[in-house]
Structures are given as structure tokens and as C-alpha cells.
């Protein structure tokens, strides 16, 4: 989730898009990178970078090739080297952030911070930073990033649930309902999206609406929670069959 998922062609495009006008990436690196021949791309990039150690595009291409080979730490070192040569090199910023995020590397926050300084409106980077902060249990840090990526986050039930959890935990249950309603509408077949909306509605004091959202759901957790809602309303006749499942 919230990965740039550059893929081979997009990775190549990111590098080329970062080059000064008229400059081209060596075809001996570009072609195998595009075709998924990561080991070949790496070998060619290594040979070229030995002769041109101040070329950020080569270091970045090398980073993508290493990432494709699953050599995450070496990949991040290569992106770092590109950024030492050219601190604003966009492809290295994005490649490093994405690779570190997907690997849950402790270096991910640093790459994301640098990317957001260079591109403060980048919604994907904000979303990734939000998820990492949530996973660290830091809602105060996560919420501004979730807010900056709200349109993207609301399309994903899991990310929306994380955003909503932070909102509920900070006393903003009504806002959580709005986030989760949008997520449910964007994912009408998702049982998790309906369940999460029901939980948020209850947290906002809207128990009857929560029961309406959960009615007919077959997810065991949703059925049990619906039983709890009926019990809270004093309707044990409807509550007990759901709670005894």
C-alpha cells in the first residue's frame, strides 16, 4: 500500500525525467532495467559508475537494479550516493523512499522526509509517512500526513481504518465516520470497510446508524459487533443469536 511501485518502465522514466535536458541514460543500463534483467543492469551500471562516479542517474539506476534483486540495503546505499552527488535528484528520492518503505527499513522516515522537503505536495509520500507513523503508534505524527493524503487514503480500507483509528483516539470520531463512509462507498463489497464504519459510528454515539450499516454483514466480527449493539439497546432477542455464533 502506498508504494510508488515504480516497476521497470516507470523506474526508468523516473530516472530519465530527472536528467538535464538532452541527456540520456546509457542503453546498456536502460534496456535490461526496463526488461527486468536486474543482474545485467547492475553489472553495466557498476562498470559505468566506476568511470563516472558523479553521475546520479547511474547510481539511481543501480539502486533500482539492486532493489529488483532484493538487495535492499545496498539499494538504499546506492540511492544515498546519488543524493550525495545531486541532493534534489527526484528519481533517487522516490526510489529510496519507496524501497525503504516497502522493506520497512529504519531508513524509510529519512528518505520520506527528504522527499517531502523536495515535494511537499506529494500525496503518496504523505500516505507512506502516515502509515509508518501509525505503525509506530504515533497518531500525532500520522494525522497531518493522513490529512495531506486524504483523497488517496480514503480509497483504501486499511489505510482509512488507520486514519480513522487515530481520529477516534484523539476524540474526533465524527471525522472518522466521514473518512470511513467514503472508504465504504469506494469499496462497497468490502466487509472490513462496513465493519470499520460501524465501529466509528458507535464511537460517535450513533448506535442505530451503526446497526443499520452492519445489518446483513456476514463477517463474523461484524455479526458479533451487531449483537453487542442490539444488547446495548436492550434488544436481547436479536442480540443473543448473533453473540452465540
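The values are calculated or read from the model by the stated rules, or taken from the named source; none is laboratory data. Since the model is a prediction, treat every value here as computed from it, not as a measurement. Cβ sites come from the backbone with ideal geometry, for glycine too, and all protein chains shown count toward neighbours.
Enumerate the pairs (first residue in segment 84-110 and without any contact (Cβ under 8 Å) to a residue 40 or more places away in the chain and at positive phi; second residue anywhere and surrounded by fewer than 24 Cβ atoms within 10 Å (Cβ to Cβ) and in a helix (DSSP H, G or I)) with beta-carbon separation below 9 Å, excluding pairs fewer than 6 apart on the same chain, so at least 6 apart or on different chains.
Between residues of segment 84-110 that are without any contact (Cβ under 8 Å) to a residue 40 or more places away in the chain and at positive phi and residues that are surrounded by fewer than 24 Cβ atoms within 10 Å (Cβ to Cβ) and in a helix (DSSP H, G or I), the close pairs are 104/132; 104/135.
Mind checking which helices (runs of 4 or more DSSP H) fall wholly inside segment 120-237 and carry at least 3 residues that are in contact (Cβ under 8 Å) with a residue 24 or more places away in the chain and under 26 Å from residue 99 (Cβ atoms)? So that I can check it myself, show each step before the final result.
Details: elements: 123-135, 139-148, 150-153, 157-169, 173-186, 191-203, 207-214, 220-232.
The qualifying helices (runs of 4 or more DSSP H) are 123-135, 139-148, 150-153, 157-169.
Can you say whether residue 119 is surrounded by fewer than 19 Cβ atoms within 10 Å (Cβ to Cβ), in contact with a helix residue (DSSP H, G or I) (Cβ under 6 Å, 6 or more places away or on another chain) and under 27 Å from residue 186 (Cβ atoms), as far as the supplied structure shows?
Numbers: surrounded by fewer than 19 Cβ atoms within 10 Å (Cβ to Cβ): yes; in contact with a helix residue (DSSP H, G or I) (Cβ under 6 Å, 6 or more places away or on another chain): no; under 27 Å from residue 186 (Cβ atoms): yes.
Against the criterion (surrounded by fewer than 19 Cβ atoms within 10 Å (Cβ to Cβ), in contact with a helix residue (DSSP H, G or I) (Cβ under 6 Å, 6 or more places away or on another chain) and under 27 Å from residue 186 (Cβ atoms)), residue 119 does not qualify.
From the set of residues in segment 93-111 that are assigned to a helix (DSSP H, G or I) and surrounded by fewer than 24 Cβ atoms within 10 Å (Cβ to Cβ), which is nearest to the chain's Cα centre (by Cα)?
If we filter segment 93-111 for residues that are assigned to a helix (DSSP H, G or I), which is where we start, we get 93-102, 108-111.
Now drop any that are not surrounded by fewer than 24 Cβ atoms within 10 Å (Cβ to Cβ), which leaves 102, 108-110.
On the way: 102: 8, 108: 12, 109: 13, 110: 16 Å.
Among those residues, the one meeting the criterion is 102.
Looking at 219, 214, which one is buried (at least 18 other Cβ atoms within 10 Å of the Cβ) and closer than 19 Å to residue 192 by Cβ? It would help to see each step written out before you state the result.
Working: 219 fails: buried (at least 18 other Cβ atoms within 10 Å of the Cβ).
Checking each option against the conditions leaves just 214.
Considering each of 52, 11, 65, 90 in turn, give the residue that is modelled with pLDDT of 85 or more, crowded, with 24+ Cβ neighbours inside 10 Å and touching a helix residue (DSSP H, G or I) at 6+ places or on another chain (Cβ under 7 Å). Walk me through it before giving the result.
Working: 52 fails: crowded, with 24+ Cβ neighbours inside 10 Å; 11 fails: modelled with pLDDT of 85 or more; 90 fails: crowded, with 24+ Cβ neighbours inside 10 Å.
Result: 65 is the single residue among 52, 11, 65, 90 that is modelled with pLDDT of 85 or more, crowded, with 24+ Cβ neighbours inside 10 Å and touching a helix residue (DSSP H, G or I) at 6+ places or on another chain (Cβ under 7 Å).
Any idea which of (1) exposed (fewer than 14 other Cβ atoms within 10 Å of the Cβ); (2) modelled with pLDDT of 95 or more is the one residue 83 doesn't satisfy?
The failed condition is (1).
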